[in-house]
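Here is the structure we will look at, set down as structure tokens.
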Protein chains: 2
Amino acid sequence: MPAKTFTFGKSSVNYYFNDKFATLKKIVVPNNTVLITDENVYEAHQSKFKGWDTIVLKPGEAYKNQQTVDEVIVQLIQRGVDRSATLVGVGGGVITDLTGYIASIYMRGIRFGFVPTSVLGLVDASIGGKNGVDLGVYKNMVGIIRQPAFLLHDLSLLISLPEKEWVNGFAEIIKHAAIKDAELFKELSVHDLAYYRKNKTALAKLIERNALIKTKVVQNDEFEKGDRKLLNFGHTLGHAIENIYDLSHGQAISIGMAYAAELSEKLVGYKEKEKLVALLDQYGLTTYTKLDVDQAFEILIKDKKKTAGDIHYILLKKNGKGITYQISLKKLKPLLKSVIHQL
Amino acid sequence: MPAKTFTFGKSSVNYYFNDKFATLKKIVVPNNTVLITDENVYEAHQSKFKGWDTIVLKPGEAYKNQQTVDEVIVQLIQRGVDRSATLVGVGGGVITDLTGYIASIYMRGIRFGFVPTSVLGLVDASIGGKNGVDLGVYKNMVGIIRQPAFLLHDLSLLISLPEKEWVNGFAEIIKHAAIKDAELFKELSVHDLAYYRKNKTALAKLIERNALIKTKVVQNDEFEKGDRKLLNFGHTLGHAIENIYDLSHGQAISIGMAYAAELSEKLVGYKEKEKLVALLDQYGLTTYTKLDVDQAFEILIKDKKKTAGDIHYILLKKNGKGITYQISLKKLKPLLKSVIHQL
């Protein structure tokens, strides 16, 4: 497929939708390119990596830190990688976040691109130029915003994706539908995960549609001053509980979306929460989990780096229409207590 | 003095020439600003820092590394510094390089500005948006290019600057004259360091003139594809010998300039090397030092991350006119051997 080009500020990103890994040979100069991936992806797709200089990292968010960055940079120096080279992150969100960050700081910035290997990566993490690492308990505390040169989609890489990661990705897909796309919401309601896993054409369309939703939101607001905040639907509470209860990202934001739906009903007259909760449930996602609200609120405050004043909570006006709702932390806490099922 | 605004790509930088430290209160919100400085500057100017939240680092290039970055970031988190804050680097090149880098990656980038406290900082290091840290023996291996929001000059901060650092700064000033400004070259020739240290008006004019030379070069070529390379005059050999012989930056590039003058005579018909060498000498700078050429060439190659092919060596056509000269590493080595006094 020919590339579609999208611009973010003054950067252009070429998207290769529903394409093949082998196309990479046409996008980059193979002997001046280093691939970065993790052990899981590498082992599941060894034949694809043949002939490519590849750095293989340990998998998981626990390695999305400065130590990994330092180790990769030392390897790049040892390989003699210079400013003319390209780094390609082949993996999920952790790998693309790391690769984008390393490429942005190595020799003050070299070219990079991504081959996302998870649903979450395809529709969300690889898009928008946010990259970086965690610092201890603080997620994405360090990083920069810089767009990749290209995104290459090869859906055959999803063969190795564990069930749990499919569910994670669909949490973001349902989020997109809830905040921006009522028609997508309806489409999702009449299918399930098994349908999309079996039906390649439907999956390819779904991935492209969702990548475009995220892309358009970011294009209009690269530095998150307005509309991009909508992408945080479910994430304010979700991020807070993800670490406390060791939840997967998808499950955490699904719970966040369910309770945000409750708040939406209370605060802005949203009337479709049953449909949203049913859809989350239909795709294997948790909703009304019991939580320790006081503890979650503590983490939420730390995550927002605020102890007082207002924050922006993302609510729904209806399915397909997210809104930014400004609320003081003081008012938010009792409201959360009134809707969250207390542990 | 009112600020002068210069644009670099889509960034605007406000320059406050020959101003006062106290002006900082008008540029940033004091209780949402963190100053970063080193022990030397802090102890010499304690009264200026009163009332400012300040992080004080150990002085020296040895601390321009990722560990210092990590430590400062942890301190910023502990202080609850958020995206709305400003970081201000008050110091020489090490402090401004660190501050610019930390501000560029903390929470994916916050606002920053500089108050340079050395001649080198005022006329060179603080200008142009290059920032970053060293990785072991590799200088500036990690970093990004991002412009500060402002540069505030208070020349009274130079009171505490050691003699050696004055000489370092004048090496870059002479470099500017040699590559870009024949009139400045003449002015420098009729004065000496003592003159500028005594004569505040002349010093202020000299600093502004040199800051503008660097600024214009960078404005025309922010990402060093052309004219900005001229600023490397004296630096190709200079960087290589700086570490080997533990030279100050100014002494190293002065030696680099003297031998580049010899190469210029051989390769492009430059006829004024005696004047350049006399000027360097006049400002306390070393010129024809004996060197181990083989060793220096090894480091030069590593520094350029090349083992073969061409590099750009900066030569002089005449005083005031630098040029970029493309030469293969293979040809460069015997040429260097023919001009450098062998240790």
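The values are calculated or read from the model by the stated rules, or taken from the named source; none is laboratory data. Here the structure is a predicted model, which means the values were calculated and not measured. Heads up, the Cβs are rebuilt from the backbone with ideal geometry, glycines too, and the neighbour counts pull from every protein chain shown. For the accessible areas, the whole protein counts, side chains as well, though only heavy atoms, and no ligand, DNA or RNA atoms are used. Shrake-Rupley method; radii C 1.70, N 1.55, O 1.52, S 1.80 Å.
Kirkwood radius, the protein assembly as shown, all distinct C-alpha pairs, inverse of mean reciprocal distance: 27.4 Å. Here region B:119-230 is assigned +1 on the Cβ of each Lys and Arg and -1 on the Cβ of each Asp and Glu. Its dipole about the Cα centre then comes out at about 80 debye. Bridging of residue A:139 to lysines at a Cα separation below 19 Å is possible for A:58, A:64, A:130, A:229, A:302, A:304, A:305, A:306, once same-chain residues fewer than 8 apart are set aside.
Placing +1 on each Lys and Arg Cβ and -1 on each Asp and Glu Cβ, with no other charges, gives the protein assembly as shown a dipole about its Cα centre of roughly 1880 debye. Working from Cα pairs under 8 Å separated by at least six residues, relative contact order for region B:1-124 is 22 percent. Here, P(r) means the percent of Cα pairs in each 10 Å bin from 0 to the largest distance; for region A:186-228 it is 26, 37, 24, 12. What separates the residue B:304 label point from its copies, with the point 7 Å along Cα to Cβ, is 5.5 nm, written shortest first.
Between B:35, B:98, B:247, the GNM of chain B built on Cα springs shorter than 10 angstrom shows B:247 fluctuating the most. Taking all Cα pairs closer than 8 Å and separated by 6 or more residues, the relative contact order of region A:239-343 comes to 31 percent.
Volume of the convex hull of region B:1-147 (Cα atoms only), normalised per residue: 110 Å³.
Where both bridge residues fall in the protein assembly as shown, DSSP classifies roughly 50% of the beta bridges as antiparallel. Note on region B:285-343 and region B:165-220: Cα centroid distance 25 Å, given to the nearest whole angstrom.
Bridgeable aspartates and glutamates around residue A:10 (alpha carbons under 14 Å apart, same-chain partners fewer than 8 residues away excluded): A:221, A:222. Projected onto planes of every orientation and averaged, the convex hull of the alpha-carbon atoms in region A:214-343 covers 7.7 nm². Look at the dipole of region A:39-150 built from charges on Cβ: of A:109, A:88, A:42, the Cα furthest out on the positive end belongs to A:109. The magnitude of the dipole of chain A, with charges of +1 and -1 set on the Cβ of Lys/Arg and Asp/Glu and taken from the Cα centre, is near 980 debye.
Per atom type, region B:23-146 shows carbon and sulfur on 47% of its accessible surface, probed at 1.4 Å. Checking buried surface per residue: for region A:1-36, which residues lose a minimum of 50 Å² accessible area in the protein assembly relative to the chain alone (1.4 Å probe)? Residues shielded by partner chains are A:10. Helix B:163-180 and the long axis of chain B differ in direction by around 60°, with both axes built from C-alpha atoms. Each part reduced to its alpha carbon centroid, region B:139-158 and region B:14-30 end up 14 Å apart. Have a look at region B:73-96 and report residues whose accessible surface goes down by 50 Å² or more when the remaining protein chains are included, against the chain on its own, probe 1.4 Å, ligands and DNA/RNA excluded. Those are B:77, which lose 50 Å² or more relative to the chain on its own.
Chains A and B together bury roughly 2300 Å² of accessible area, counting both sides, with a 1.4 Å probe on protein heavy atoms only. Between copies, the label points of residue B:335, set 7 Å from Cα on the Cα→Cβ line, lie 6.9 nm apart, reported in increasing order to one decimal in nanometres. Using the 1.4 Å probe convention, the accessible area of region B:1-157 works out to 37 Å² per residue with neighbouring protein chains retained. Here the contact order of chain B, divided by its residue count and restricted to Cα pairs under 8 Å and six or more residues apart, works out to 14 percent. Surface composition of region A:285-343: carbon and sulfur atoms hold 52% of the protein heavy-atom accessible area at a 1.4 Å probe. Per-residue ellipticity at 222 nm for chain B, helices alone: DSSP H runs ≥ 4 residues times -39500 (n - 2.57), over residue total, nearest 500 deg cm²/dmol? Calculated from helices alone, the mean residue ellipticity at 222 nm is -14000 deg cm²/dmol. Here is the list for region B:166-241: trypsin sites (Lys or Arg not before Pro) lying in DSSP coil, each with at most 16 other C-beta atoms within 10 angstrom of its C-beta, are B:225. For the pair region A:31-93 / region B:38-77, the C-alpha centres are spaced 34 Å from each other.
Placing a label point 7 Å from Cα along the Cα-to-Cβ direction at residue B:61 gives distances to the equivalent points in the other copies of 4.1 nm, listed shortest first.
Partner shielding of A:142-149 amounts to 4, given as the average count of beta-carbon atoms from other chains within 10 Å of each residue beta-carbon. Looking at B:340, A:212, A:28, which one has the Cα that reaches farthest to the positive end of the dipole of the protein assembly as shown (charges on Cβ: Lys, Arg +1; Asp, Glu -1)? Going by the charge dipole, the pick is A:212.
When chain A is treated as a Gaussian network with alpha carbon springs shorter than 10 Å, the biggest mean-square fluctuation among A:244, A:323, A:179 belongs to A:244.
Return the aspartates and glutamates within reach of residue B:205: Cα separation strictly under 16 angstrom, same-chain partners fewer than 8 residues apart disregarded; answer none if there are no such residues. The reachable aspartates and glutamates, counting only those whose Cα sits under 16 Å from residue B:205, are B:19, B:124, B:154, B:172, B:181, B:183, B:187, B:192.
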